[in-house]
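The values are calculated or read from the model by the stated rules, or taken from the named source; none is laboratory data. Predicted model, so just to flag it, every value in this text is computed and none were measured. Here the Cβ positions follow ideal geometry from the backbone for every residue, glycine too, while neighbour counts run over all protein chains shown.
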């Protein structure tokens, strides 16, 4: 193997190896986040009981991937347990004698491996556009993205769905040269995304339209109308393959497709659109559940202001806060490069168009909870940024190298606290709680660290706990009482509050915080006060 190729391969291995180390370390140290117990318990119900009754708002494929890791443990789950999906997750992790650390690691490892595989997709797509150097730049930005590391190390669905969508668009790009090989792969990847998370649905018309841009699948038709028919057949074929994947996933769980908890259809345009979806009833009802969520009003927090409802500009601002500054500059430079390079403009349809469309739709959502809803942005735009190496003006490549190095340093400095990361312009990771809440900073992930901190630094002190998360404090040795409802003059000792609760604090909790002294924080997501 030539030295240059060997050096290239070693660089790829080093980038993915560093990313793997960061994700595994994070997975080992973090307690279950709010959504994870639901997914893990549902994964076991899907595989043990072949039932779709839990967590229908998300399709099964991502949870089936988690189940491949859980297969390495003897997971026991009572099929007659009467609780809802939230209680079921807590029951599995903390009430059945299992080791929650082991179960969570086993569920997270398949997602970590998938996240690393998506890195190879980023590398391959960028190589196709900008050559080997462009591939390395894109992979470096992906491998050091705090958001991708944070959510790629969890047993959740956001990164897998985004990665499968990128794979679909990469296959579409390649289908321009070899449609017979890559169009079916694009359909399969789209189906996998749809079978993982319903937020992939808006990408369907874009994928189908781009499939029609591929050359004629059946030879080279002599007339325009034959070419048109061939392109239409290609687009329809891609869509049918995607639909088939969704059906196969549901049939793999339950060949009889038993669905015992139907959701009433509200009618109107949304109800009609759901009825027209060519998917199993359980999938369509899951979409209706998502519509229910979107019809509700939730608490939000942005730039130090708590509010009720949603802000249309929340996600762009949150991305601005949580993306490394060098990465933002590289994204912008990559977009400019693709615009000024005529040969790359068509590629904007495969990268910037889907990322922008999905972003605009996500901005209409009712839940201002985190950049995880748009984690496809750093994934797609990493490929875009890789094209910067094609710029020929002086110092362009040096500047790109400096920016990538800046991203790497910024990312490594937050290790292993990737979930609450924010860039230096907003004060860094230690200040994220002042600007954002929920999965941007505090998703209940630091309960185990809190137990260790209280034992080591504050033994035998009374603890008053206001925790937001899915963990059970007692399991981690935390014997905290709830201060809310207790007269404030009786609350003495350590007041421990999750940052998401601090951000939205009002009434007695705000009064307790305002009359206490902050003395410590745990993982940049939990505050410790002394009263």
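Scanning the range 292-315 for residues that are surrounded by 15 or more Cβ atoms within 10 Å (Cβ to Cβ) and either touching a helix residue (DSSP H, G or I) at 6+ places or on another chain (Cβ under 7 Å) or not in a loop (DSSP other than H, G, I, E, B) (or both) gives 299, 300, 301, 302, 314, 315. Of 103, 113, 61, all but one fail to be out of contact with any helix residue (DSSP H, G or I) (no Cβ under 8 Å at 6 or more places or on another chain) and under 27 Å from residue 371 (Cα atoms); the exception is 113. Only a single item in (1) over 30 Å from residue 175 (Cβ atoms); (2) touching a residue at least 60 places away in the same chain (Cβ under 8 Å); (3) under 24 Å from the mean Cα position of the chain (by Cα) is not met by residue 327, and it is number (1).
Out of 109, 154, 129, report the one residue that is assigned to a loop (DSSP other than H, G, I, E, B) and either assigned by TED's automatic domain parsing to the domain that holds residue 380 or at pLDDT 95 or above (or both).
So the residue among 109, 154, 129 that is assigned to a loop (DSSP other than H, G, I, E, B) and either assigned by TED's automatic domain parsing to the domain that holds residue 380 or at pLDDT 95 or above (or both) is 154.
Going by what's in this entry, would residue 441 be described as out of contact with any strand residue (DSSP E or B) (no Cβ under 6 Å at 6 or more places or on another chain) and without any contact (Cβ under 8 Å) to a residue 60 or more places away in the chain? The answer is no for residue 441. If you go through the range 186-223, how many residues are in a loop (DSSP other than H, G, I, E, B) and either at pLDDT below 95 or more than 26 Å from residue 56 (Cβ to Cβ) (or both)? Selection size over the range 186-223: 12. Return only the number of the condition from (1) buried (at least 24 other Cβ atoms within 10 Å of the Cβ); (2) within 16 Å of the chain's Cα centre (by Cα) that residue 367 does not satisfy. Against the list (1) buried (at least 24 other Cβ atoms within 10 Å of the Cβ); (2) within 16 Å of the chain's Cα centre (by Cα), residue 367 comes up short only on (1). In the range 383-391 there is at least one residue that is over 16 Å from residue 139 (Cβ atoms), surrounded by fewer than 24 Cβ atoms within 10 Å (Cβ to Cβ) and in the same structural domain as residue 163 (by TED's automatic domain parsing).
Within the range 3-21, none of the residues are in a helix (DSSP H, G or I) and farther than 30 Å from residue 135 by Cβ. Looking at 472, 466 in this structure, which one is within 26 Å of residue 515 (Cβ to Cβ) and surrounded by 13 or more Cβ atoms within 10 Å (Cβ to Cβ)? It is 466.
Of everything in the range 249-283, what is under 20 Å from residue 203 (Cα atoms) and assigned to a helix (DSSP H, G or I)? Give them in sequence order. Hits for the range 249-283 are 249, 269, 270, 271, 272, 273, 274, 275, 276, 283.
Quick check on residue 287: is it touching a helix residue (DSSP H, G or I) at 6+ places or on another chain (Cβ under 9 Å), within 23 Å of residue 140 (Cβ to Cβ) and part of a helix (DSSP H, G or I)? So residue 287 does not fit the description; no. Return yes or no: is residue 419 over 30 Å from residue 136 (Cβ atoms), modelled with pLDDT of 95 or more and either in the same structural domain as residue 135 (by TED's automatic domain parsing) or buried (at least 20 other Cβ atoms within 10 Å of the Cβ) (or both)? So residue 419 fails the test.
Of all the listed residues (495, 450, 454), the sole one being closer than 25 Å to residue 411 by Cα, in contact (Cβ under 8 Å) with a residue 24 or more places away in the chain and touching a strand residue (DSSP E or B) at 6+ places or on another chain (Cβ under 9 Å) is 450.
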